[in-house]
Structures are given as C-alpha cells and as structure tokens.
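Here the structure is laid out as structure tokens; the discussion comes afterwards.
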Amino acid sequence: MVDYYEMEKVWQKVVTPGVVPPVEHLPFLKYLPKFLAPWKTYCETAKRLQHELFYGLLRETKTRMAQGYENGCFIEKAIARQAEIALSDEQIAYLGGVLIEGGEGTTASWLKALVLAMVVYPDAQKKAQEELDKVVGDQRIPSLEDLPFLPYIQAIIKEVHRWRPVGPLGIDNEPDGKWYARLPANF
C-alpha cells in the first residue's frame, strides 16, 4: 500500500499556488502536451497515489471485518450500511481518505502545541503523568472511558485548544481599524 506521506507530498505540490494553472479559466491549456504542462504529471501522480492509498485502506478494512476484527470505526459502519446509504466503494474509500487528510494537519498542529506546552510547563506534565498513573496504571493504555476520571488532563486538553487553536473558530471581538457602514435598524 502506498505511504500516506508520499501521497501528501505530491498533493502539496499540486495545490501549491502557481504550480497548476487555472485550466478551468483557460481551457486551451488542457490540450497542451505533457512536456509543456508538467502539472499534468503531478495531478495524475497525485490521483493515482490517492486511489491506491484510499482503496488499500478500504480493502484492509473489509478484510479485517471479514475476519471478525472490527474496531467500530466510521468506515466499518459505512461499509455495513453501504446498501442503505447508497454509497459506492469509491465513495466510501474517498470518504475515509478525506477524513484522514482533514484530521492529519489539525491533529499534528495540536500535538505540536501540546508538546510545546509540556516542555514549557514541566510541572504540569508531571502532574498529568501522576494523574494518569493513578487512574490508568502502567498495564494498559488509556481509553475514552477513563476521561471522566482525568480532570487535570481534560483541563490541559482544553487549555491547549484555547492557547493554540488549530483553526480560526470565532470572529474578532474588536474592529480591526476598518470603517464599517452602519445600517439602519429597519434596513
């Protein structure tokens, strides 16, 4: 199966501004031969790698399900209800793929902020580790069922989200110096 990061590297090249011209606005560009249009090769490679990765993950999930090793993931549920929700294998494969792509950047960004916070505040890290050891121990990994018993870790999670949000989740509370028209109340 193709490596996710290999596919992502090619995809980032495709979506970099200036690499792929606006073919939808200049349709004659699609008729250029490949040696004059290197973006065609990037796009074809990205499409092939995406297809291989996403279908590979779908096949792997179906194989696991057939062997009775289900973990309750979203794609397993989509496969189980495939006829009911009327999705093709391709749609389910790409649905899983976009979920991975969407979560990869935000998760990595948040984890960087968490590591930074733990380096800057080692006392908080020590206190979180003590709480984790007390609740979970060292014989298993934590699960979602443990979360209600880990209030300090919940607070760290919330604080890192507040401190370094992975995306703009609200609007500015103050004007940014621009002039805004005032509309009458009965406009």
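Throughout, read-outs are computed from the coordinates displayed, never taken from laboratory work. Only a predicted model underlies this, so the values are computations on that prediction, with no experimental measurement involved. Virtual Cβ from ideal backbone geometry, glycine too; neighbours counted across all protein chains shown.
The table below gives the values:
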{"quantity": "Total formal charge among the other residues, if their Cβ is under 14 angstrom from that of Gln154, Lys/Arg +1 and Asp/Glu -1", "calculated": "-1"}
{"quantity": "Charge sum, other residues only, whose C-beta stays under 15 Å from Gln50's C-beta, Lys/Arg counted +1 and Asp/Glu -1", "calculated": "-4"}
{"quantity": "Theoretical gain in end-to-end length, Thr16 to Phe74 [0.36 nm per residue, Cα-Cα removed]", "calculated": "17.8 nm"}
{"quantity": "Reachable aspartates and glutamates, given that their alpha-carbon falls under 18 Å from the alpha-carbon of Lys77 and they are not under 8 places away in the same chain", "calculated": "Glu60, Asp89, Glu90"}
{"quantity": "Label of the coordinate-derived value, mean projected area of the Cα convex hull in nm², listed as (i) 12.0; (ii) 12.8; (iii) 20.5", "calculated": "(iii)"}
{"quantity": "Part-to-part distance (alpha-carbon centres) for the range 101-138 and the range 1-36, which is given in Å", "calculated": "37 Å"}
{"quantity": "Residue (of Met7, Thr41, Phe74) at the positive-pole extreme of the range 4-104, dipole from beta-carbon charges", "calculated": "Thr41"}
{"quantity": "Sum of -39500 (n - 2.57) over DSSP H runs of 4+, divided by residues of the chain (222 nm, nearest 500)", "calculated": "-19500 deg cm²/dmol"}
{"quantity": "Residue exposure sequence - Ile85, Ile141, Ile79 - by fewest surrounding Cβ within 10 Å", "calculated": "Ile141, Ile85, Ile79"}
